[in-house]
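I have placed the structure first, in the form of structure tokens, so that the comments after it can refer back to it.
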Amino acid sequence: MPLPSNPPHPPHPSDAHGTRLTERAIASVEADPHRLVLEHNKWAGPWIGAAAEPVPGGTLAAMVFPSGRPLPPSLRRWLAFDAGLLRRYGWFDAALRFTPRTLGRLARDEFGDGWGAGFDTLSARFDECFLLPGGSDSRRVLATGEPDEYGEYPVFALDVDDLPCVELMYPGLDVHLADTAGVISRREGGYSSLAEDATYASRMRTHAHNTFAGELHQICLPE
């Protein structure tokens, strides 16, 4: 599905993006840190385990992705609050070294080789991916690459219902965290409904052009 030809001009309230939005998500989690990340999926566990696990300042200041790409502001702020959640989702090892996967490898790990094989065709383009909470049969994945105007990388939905598909869902980890924590609400519609949201349409457009030549999704069929 392509982006709307004339999306509304997005306002940019200071607390709707980036670090400020991430701080709002953190405040929501701090109010009830042991609640489930996903109400529909108890296996995702709580936001915070016994206690938050902030990354020490010196360590955090030196952190970059293995590719050399910088951490998005939202991730840097979140890790200053807690590393436990993302550790559970396989983002890094015990020494806080990032452990990314290609899109194809991640999809095979999550869906099995049969359904996951179709995503191999995008592994060269999305070579540094990380699993996030969200979905039941589908998955949420952050993929590094070209950042948007807030320094954020896109978050995709991977779906294998009918045909394997990857679709742009969030313009950054900041928006993913805020939506998952209940700070904001995505409008009704498909995975990419934020492409029609006045606040986030511009960022969604940026990522769509950077990843899928302006489209919001791509079907993934094995070669």
Open item on the list: With the requirement that a residue be assigned to a strand (DSSP E or B) and either among the charged types (D, E, K, R) or open to solvent by less than 10 Å² (accessible area, probe 1.4 Å) (or both), what does segment 130-139 give you?
Closed with: Phe130, Leu132, Arg139
Task: helices (runs of 4 or more DSSP H) fully within segment 10-129 counting 1 or more residues that are more than 24 Å from Met204 (Cα to Cα) and not hydrophobic (A, V, I, L, M, F, W, C) - done: 18-31, 57-62, 84-88, 103-111, 113-116
Open item on the list: For the list (1) more than 18 Å from Trp91 (Cα to Cα); (2) open to solvent by 10 Å² or more (accessible area, probe 1.4 Å); (3) touching a Ser or Thr at 6+ places or on another chain (Cβ under 8 Å), I need the number of the one condition that Gly189 fails.
Closed with: (3)
Open item on the list: Going by what's in this entry, would Asp174 be described as among the charged types (D, E, K, R), closer than 23 Å to Thr99 by Cα and under 10 Å from the mean Cα position of the chain (by Cα)?
Closed with: yes
TODO: All but one of (1) among the hydrophobic types (A, V, I, L, M, F, W, C); (2) at pLDDT 95 or above; (3) in contact with a helix residue (DSSP H, G or I) (Cβ under 9 Å, 6 or more places away or on another chain) hold for Phe212, so report the exception by its number.
DONE: (3)
- [ ] Identify, from the list Ser28, Ser123, the residue that is open to solvent by 10 Å² or more (accessible area, probe 1.4 Å), touching a helix residue (DSSP H, G or I) at 6+ places or on another chain (Cβ under 6 Å) and polar (S, T, N, Q).
- [x] Ser123
Task: Selected residue (criterion: most open to solvent (accessible area, probe 1.4 Å)) from residues of segment 193-219 that are within 17 Å of Cys165 (Cα to Cα) and assigned to a loop (DSSP other than H, G, I, E, B) - done: Ala213
Open item on the list: Given the criteria polar (S, T, N, Q), over 15 Å from Pro222 (Cβ atoms) and in contact with an Asp or Glu (Cβ under 9 Å, 6 or more places away or on another chain), does Thr99 qualify?
Closed with: yes
TODO: Within segment 31-67, work out how many residues are open to solvent by 50 Å² or more (accessible area, probe 1.4 Å) and closer than 20 Å to Phe98 by Cβ.
DONE: 11
- [ ] For segment 187-206, indicate whether the set of residues that are among the aliphatic types (A, V, I, L, M), at pLDDT 95 or above and within 13 Å of the chain's Cα centre (by Cα) is non-empty.
- [x] yes
Open item on the list: Pairs needed: first member in segment 59-72, among the small types (Gly, Ala, Ser); second member anywhere, open to solvent by less than 50 Å² (accessible area, probe 1.4 Å) and part of a loop (DSSP other than H, G, I, E, B); C-beta distance under 7 Å; at least 6 residues apart or different chains.
Closed with: Ser67/Glu128; Ser67/Thr144
Task: Subset of segment 140-169 (residues that are under 10 Å from the mean Cα position of the chain (by Cα) and open to solvent by 10 Å² or more (accessible area, probe 1.4 Å)) - done: Arg140
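The values are calculated or read from the model by the stated rules, or taken from the named source; none is laboratory data. If you're wondering where the values come from, they're calculated on a predicted model, not measured in any experiment. Cβ atoms come from the backbone with ideal geometry, glycine included; neighbour counts cover every protein chain shown. Accessible surface is based on the protein model in full, side chains and every heavy atom, while ligands, DNA and RNA are left aside. Shrake-Rupley method; radii C 1.70, N 1.55, O 1.52, S 1.80 Å.
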